[in-house]
Every structure is written in structure tokens, then in C-alpha cells.
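Contents: one structure, followed by commentary.
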Amino acid sequence: MINDLFDLKGKVALITGGTHGIGFSIGRVLGLAGAKVCVNDISQEKLDAAKLEYAKDGIEVYTLVFDVTDEEQVDKGISEIESNVGSVDILVNNAGIIKRIPILEMDVADYRQVIDVDLVSPLIMSKRVAPKMIEKRAGKIINMCSMMSVYGRSSVSAYASAKGGLKLLTQNMCCEWAKFGLQVNGIGPGYIATAQTAPIRENGHPFNDLIMTRTPAARWGQPEDIANAALFLASQASEFINGQVIYVDGGILANFGYVKGENDLPA
Ligand code: NAP
Ligand code: GCO
């Protein structure tokens, strides 16, 4: 049956930064597809609140508080999952931060922190879960890239550097692990309405006008838009897709530009 392609019953999924925003939506959809969902965050308080939110859809999540940039904490967290839930079948490297600071005003420490969370942590997480996936000759790793994996933008140099690197790290994981039955892919969201973009979307921020006109779909994306792509990449339906980044962006990457007014919403 075609639906069986998207059935995740018996699979263990781990989503980093899964307490809200895109990560929460991904965990929810994978849970609805039958996966045993493990949710990480750096805040126990947010994990406790998220547990109740997931339960509203009948999804009982296993929560783990650890900093994805800390190798020891990651090893301890994954060992706990392996003991109490099972080895990880689906890893979604979703946790991420952004700092919007012009290069000349940015401390190197700020740059390093963004690189650590957005680029080094997917390496740390994947290095820890891949060996058992290789033993099983099966596994799905989904790295949360961005349209900033291919575009720059003033003030987000650290973030774009990390997400650009993450696109190539995804391709290298594919090169080394595809022969063992792993599929490693990325998702490149466009502009999505979450806490991360609230500062450039709300309170009449001019960036909102830009996105509404620059995006052919004439709207901000929703976390659910990304979750559906994650379900596809986590499922049997994507067994021969490897080393790719799927851009879920309402067409913005396809659109060189616009003439003011041409993309006004249809009457
Ligand atoms: P968000 O609302 O800021 O969520 C990010 C999550 O990552 C939060 O749960 C955060 O936890 C967690 N996190 C941050 N640092 C962590 C650490 N060291 N260890 C563990 N967890 C950590 O962001 P979002 O918009 O949902 O984005 C999720 C992912 O999609 C990010 O990788 C982002 O770069 C990417 N993305 C977002 C957009 C967009 O337009 N929103 C577009 C392209 C790509 P706390 O809240 O507890 O700090
Ligand atoms: C920004 C935004 C973007 C989005 C996303 C776009 O300040 O430009 O936060 O970086 O988060 O990455 O794909």
C-alpha cells in the first residue's frame, strides 16, 4: 500500500531542538506516522512544556536535555536513548541559532558559537548515531540547512557560513555512509514563521514586506510545511535520495527578483 511507504512504526526518531518551531512540527509528524519520538532541547523547562503539547496529539515523547555542542552530553544522551528506547533510526539535526550582526561588529566568539551549534553539532550528533545505523545497514539523517546554504545576506555571515558548510557536510556524509544503507539529506527552509524569525517578521518590520513580495507563494512558510518534507526524507519513499538538500521555500530561490506590486496577492 502506498501509505506503508510513510509508515514509521517501530522506528526511533531523535529531533534536536524539538520543543517548538520547526523541530516540534517535525517530531509531531514523525510521531503521527508511528515513530517513537525522542526530543532534545537545551532547556528542561521547554522539554516539560513540549511533552504536554505532543500529548495533545496522543504522542508520548521521550525527552532529553543536553547541549548538542557538548560531545560528552551527546554521548550520554544517545546512550540513554539506546538503553531506554532503542538505537536511533532517524536523526533530525534541527537545533540551531542565529546571530544577526554585521561582520565588522561581530565578536569572533559570536561567530564561533553559531558555527558550533549550526555546523559542528550535526557532526557530533551524526558521528555518535551513525555507527549503529551502519551496523543495521539502515538509517536516516536529516540536516536542517537553509536557503542561506546557497545565499548570503547582510548581517547573517556566521549563520550562512554554518548552513553552507552543513550542505557540504551532508554531501560528505552521503559519500561515506550511503554504501552502508544510510540516507543523509538536508532540508532548506525558506522563510518560516517561528521564534527565530519573529524579530524580522513582526511589529511592521520592513523585512516582512520583502518576504511577502520576494516569495512567489506570497506568504511566510509554516513549520508544518517543513515537517512534511522531513516525513518524506525519514520514510521508505526516499530510499534512493542521498546527499540532497530539498528546499521548502515557496519558490523564493527560483525567483531572481520582482517588480514592486507584481506579486500582489490575487484579488
Ligand atoms: P527556533 O525556534 O530558534 O528553535 C531552535 C531550537 O534549537 C530551539 O528549541 C532551541 O532551544 C534549540 N537549540 C539551540 N541551541 C541548542 C543547543 N546548543 N542544544 C540543544 N538545542 C539547542 O528555530 P526554528 O525557526 O524552529 O529553526 C529550527 C531549525 O531550522 C534551525 O536549525 C534553523 O537554523 C533552521 N531554519 C529556520 C528557518 C526559519 O525561517 N525559521 C529557515 C531555515 C532554516 P531553546 O529554545 O531552548 O534555546
Ligand atoms: C534571516 C533569517 C533566515 C532564516 C532562514 C532562511 O535573518 O535571514 O533568519 O536566516 O532563518 O535561514 O532560509
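Projected over every direction and averaged, the convex hull enclosing the alpha-carbon atoms of the stretch 192-254 yields 5.0 nm². Placing R0 at 30 angstrom, the Cβ-Cβ distance between SER155 and ASP75 gives a FRET efficiency of 0.30 after rounding to 0.05.
Sequence neighbours fewer than 8 away in the same chain don't count; with that in mind, list the aspartates and glutamates whose C-alpha is under 15 Å from LYS140. Reachable aspartates and glutamates: ASP7, ASP89, GLU176, GLU239. Solvent-accessible area per residue in the chain equals 48 Å², computed with a 1.4 angstrom probe and all protein chains kept. The trypsin sites (Lys or Arg not before Pro) of the stretch 1-61 that meet both conditions, a loop assignment by DSSP and at most 10 other Cβ atoms within 10 Å of the site Cβ, are LYS9, LYS56. Take the convex hull of the alpha carbons in the stretch 14-162; its mean projected area over all directions comes to 9.3 nm².
Between the C-alpha center of the stretch 38-89 and that of the stretch 199-226 there is a gap of 30 Å. Note that the chain, at 4 °C in a medium of 1.567 mPa s, gets a Stokes-Einstein diffusion coefficient of 69 µm²/s from its Kirkwood radius over C-alpha pairs. When a 1.4 Å probe is rolled over the protein heavy atoms, the share of accessible surface on the chain that falls to carbon and sulfur comes to 55 percent. Close amide H pairs (under 5 Å, H built 1.01 Å from N) link SER155 with ILE103, residues at least 5 positions away or on another chain. Relative to the dominant Cα principal axis of the chain, helix 21-32 is inclined by about 40°. Think of it as helices only: each DSSP H run of n ≥ 4 in the chain is worth -39500 (n - 2.57), and spread over all residues that comes to -12500 deg cm²/dmol at 222 nm. Fully extending the segment from LEU104 to ILE241, taken as 0.36 nm per residue of separation minus the present Cα-Cα distance, adds 45.3 nm. Anything over 32 Å Cα to Cα? Flag those among LYS76/LYS163; LYS51/LYS136; LYS56/LYS167, in the order listed. As for pairs spanning more than 32 Å Cα to Cα, those are LYS56/LYS167.
The values are calculated or read from the model by the stated rules, or taken from the named source; none is laboratory data. In this text the structure is predicted, and so the values were computed from the model without any measurement. In this analysis, Cβ positions are derived from the backbone assuming ideal geometry, glycine residues included, and neighbour counts consider all displayed protein chains. Ligands, DNA and RNA are excluded from the accessible area calculation, which covers all protein heavy atoms including side chains. Shrake-Rupley method; radii C 1.70, N 1.55, O 1.52, S 1.80 Å.
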